[in-house]
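Worksheet: the structure to be examined is printed underneath.
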Amino acid sequence: MQAPAKKSKTPSKPHVLIVDDSRVMRVALRKLLAPEFELSECENGARAWELLSEVNDVQVVFTDLSMPEMDGTELISRIRGSQDPLLKNLPIIVITGKGDNEATKQEVVALGANDFVNKPFNALHVKARAQSYISHQRVAERLNHTEERLASETTVDPATGLGSIKYFERVATELLAQIKRNTGNWTWLGIEIDNYKSIYITHGKPASCVIARKIGDLINTTVREGDHAATLGPGRFMLILRSTNTNAAQVLAERLRSAIKNAVFSAHDQRLLLTASIGVCQPSVIRSSRYKDVLDQALHTLQQAKNAGGNTVCLHQPEKEAQAEPLSILAAIQLADAGETTQLIRHRSGIIKQLLPLLQAVAGDARKELKTFIDAVQEKL
């Protein structure tokens with residue numbers, strides 16, 4: 001087997017793999033293709049499969065059918081059964097001889113072969129086939145990249161009809177800036193279907209997609225105009241309710257929990273009963289808060305609802321400083337340096353109480369601005 005190009009190498013010419021146990025046939029193809037293509041050669045399917053598992057730049061495979069260790073039909077089957085999309089869709093051109101009848105050709109086409117070249121080789125025919133499938137593959141790759149880019153940029157999750165993760169992050173970041181300017185309040189609802197993973201495993205992706213769409217419809221019909229709902233992952237959703245206090249949000253959460261519990265879902269003619277865990281959280285926000293800090297608070301409350309056993313609405317209750325271990329000033333500085341703002345928020349009152357004597361001692365009676373600041377801090381306690 002000719003040594004393959006390393007993964008990191010970018011060939012100047014398209015990479016073609018020749019698989020044939022006959023050295024004569026390999027040499028013949030090499031002479032025809034070498035001027036325009038980078039070539040690798042293998043004497044059987046087993047070696048070819050090893051090569052394809054190691055490199056990712058092969059663009060066309062020419063393979064014989066009758067070979068030792070692993071024949072051409074098994075190689076085609078392995079390529080078409082690969083979990084790697086690039087490998088699975090690799091163009092395969094079968095090398096046929098006088099002994100390969102029409103039934104054999106139909107068999108390999110059914111397995112996934114794209115085309116044939118006959119022995120003895122016609123130079124023009126071989127080159128044209130290779131170039132044609134390489135050009136086709138490049139177009140397909142560009143289309144796939146375009147689809148992936150559009151999917152990452154879209155504002156709607158196609159599976160549920162709710163907002164996408166990118167959309168939700170953008171909206172939440174914009175609202176966070178408004179909250180920091182004291183121009184409103186918000187409440188977050190984290191929702192997770194309790195047994196969604198087991199449904200996916202048992203009934204498969206198609207059934208799970210139907211269920212996800214129905215849950216998305218339930219959420220869409222429950223939230224108000226101006227609120228924001230998005231899908232964060234399989235069976236997990238997040239809502240932002242604007243200008244809504246936790247009491248009103250809890251009422252809405254109970255309505256959603258009940259709607260999901262009473263809805264009729266089915267998979268393969270089997271009726272399914274679903275429940276949801278819902279966390280209601282009005283996140284604490286300080287000037288340095290980021291989107292991830294706020295999201296972590298909401299997810300923490302959702303986890304509390306899940307830990308309660310499912311089919312539950314859990315209201316976020318801030319930790320009471322009197323019951324918690326006081327956070328020292330040194331520990332607070334270390335957390336701030338590490339960017340752990342969520343824990344700082346939870347201990348904010350205790351930190352301020354420890355800082356006040358220091359600020360008052362430094363202020364004396366000469367710093368009017370500092371005294372004004374201290375008075376403002378004391379009002380927050």
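Things worth noting here:
Rundown of residues vs (1) over 30 Å from residue 284 (Cα atoms); (2) free of Cβ contacts under 8 Å to residues at least 40 places away in the same chain; (3) surrounded by fewer than 15 Cβ atoms within 10 Å (Cβ to Cβ), yes/no style:
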position	(1), (2), (3)
162	no, no, no
179	no, no, no
183	no, yes, yes
191	no, no, no
198	yes, yes, yes
207	yes, no, no
223	no, yes, no
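- Contacts under 6 angstrom Cβ, first residue in region 104-127 being assigned by TED's automatic domain parsing to the domain that holds residue 27 and of a type in the set (S, T, N, Q), partner surrounded by 15 or more Cβ atoms within 10 Å (Cβ to Cβ) and at pLDDT 85 or above, 6 or more apart: 114/91; 114/92; 118/96
- Residues in region 81-137 that are at pLDDT below 85, within 26 Å of residue 55 (Cα to Cα) and among the charged types (D, E, K, R): 84, 129.
- Remark: residue 161 falls outside the filter, which requires a residue to be assigned to a loop (DSSP other than H, G, I, E, B) and modelled with pLDDT under 80.
Yes or no, residue by residue, for (1) closer than 19 Å to residue 160 by Cα; (2) of a type outside the set (S, T, N, Q):
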site	(1), (2)
227	yes, yes
239	yes, yes
251	no, yes
263	yes, yes
271	no, yes
275	yes, no
284	no, no
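- From the options 202, 183, 187, residue that is outside any helix (DSSP H, G or I) and more than 17 Å from residue 298 (Cβ to Cβ): 183
- Considering residues of region 258-278 that are more than 20 Å from residue 234 (Cβ to Cβ) and either part of a loop (DSSP other than H, G, I, E, B) or not assigned by TED's automatic domain parsing to the domain that holds residue 200 (or both) only, the residue modelled with the highest pLDDT: 264
- Test for residue 275: is it farther than 17 Å from residue 185 by Cα and in contact with a strand residue (DSSP E or B) (Cβ under 6 Å, 6 or more places away or on another chain): no
- Boolean, residue 211 is touching a residue at least 12 places away in the same chain (Cβ under 8 Å) and closer than 17 Å to residue 230 by Cβ: no
- Those residues of region 207-254 which are assigned to a helix (DSSP H, G or I), among the basic types (Lys, Arg) and under 13 Å from residue 188 (Cα atoms), in sequence order: none
The values are calculated or read from the model by the stated rules, or taken from the named source; none is laboratory data. None of the values given here were measured: they were computed from a predicted structure. Cβ: placed from backbone, ideal geometry, glycine included. Neighbour counts: every protein chain shown.
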